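What follows is one structure encoded as structure tokens, with my remarks underneath.
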Amino acid sequence: MFNFDTEAVDRLCAAILSLETTEECKAFLEDLCTISEVQDMTQRLTAAKLLSEGKNYQQISEQLGVSTATISRVNRCLNYGAGGYETVLGRILTAEGEK
């Protein structure tokens, strides 16, 4: 199991938290991740949003083109994870509602 409590992970978190704009974040993700990794992360976040809206696995799979296994993992994290999805979804949905 991966240990998130390391200096390297702390450095990554500090790097992400230092970003001030969407453009800076996109540039960092482009440098840090492969296109496939960014696509995977965006699909998982979107799956979490759709699950929180009550969509079922089949609807999400058809809309995003992801496997039900991926959706199941996201759902497991939503229900039993560290709370990261809930924190982020709450904040971005609030910000989107303010636009």
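General observations
- With respect to the conditions (1) free of Cβ contacts under 8 Å to residues at least 12 places away in the same chain; (2) among the aliphatic types (A, V, I, L, M); (3) not in a helix (DSSP H, G or I), V66 falls short on a single one, namely (1).
- Test for T94: is it farther than 23 Å from F4 by Cα, exposed (fewer than 13 other Cβ atoms within 10 Å of the Cβ), outside the structural domain of F4 (by TED's automatic domain parsing) and among the hydroxyl-bearing types (S, T, Y): yes
- Residue match in the stretch 42-55 (condition: in a helix (DSSP H, G or I), loosely packed, with under 11 Cβ neighbours inside 10 Å and at pLDDT 95 or above): no
- Cβ-Cβ under 9 Å pairs, at least 6 apart or on other chains, the stretch 8-36 side over 17 Å from V88 (Cα atoms) and not assigned by TED's automatic domain parsing to the domain that holds V88, far side of a type in the set (F, W, Y) and not in a helix (DSSP H, G or I): V9/F2
- Checking the stated criteria, T42 turns out to be in the same structural domain as R76 (by TED's automatic domain parsing), on the phi < 0 side of the Ramachandran plot and free of Cβ contacts under 8 Å to residues at least 12 places away in the same chain.
- Hits in the stretch 17-38 - residues which are surrounded by 12 or more Cβ atoms within 10 Å (Cβ to Cβ) and assigned to a helix (DSSP H, G or I): C25, K26, A27, F28, L29, L32, V38
The values are calculated or read from the model by the stated rules, or taken from the named source; none is laboratory data. Please read these numbers as outputs of a predicted model, since none were measured by experiment. Every residue, glycine as well, gets a Cβ built from its backbone with ideal geometry; the counts of neighbours run over all protein chains shown.
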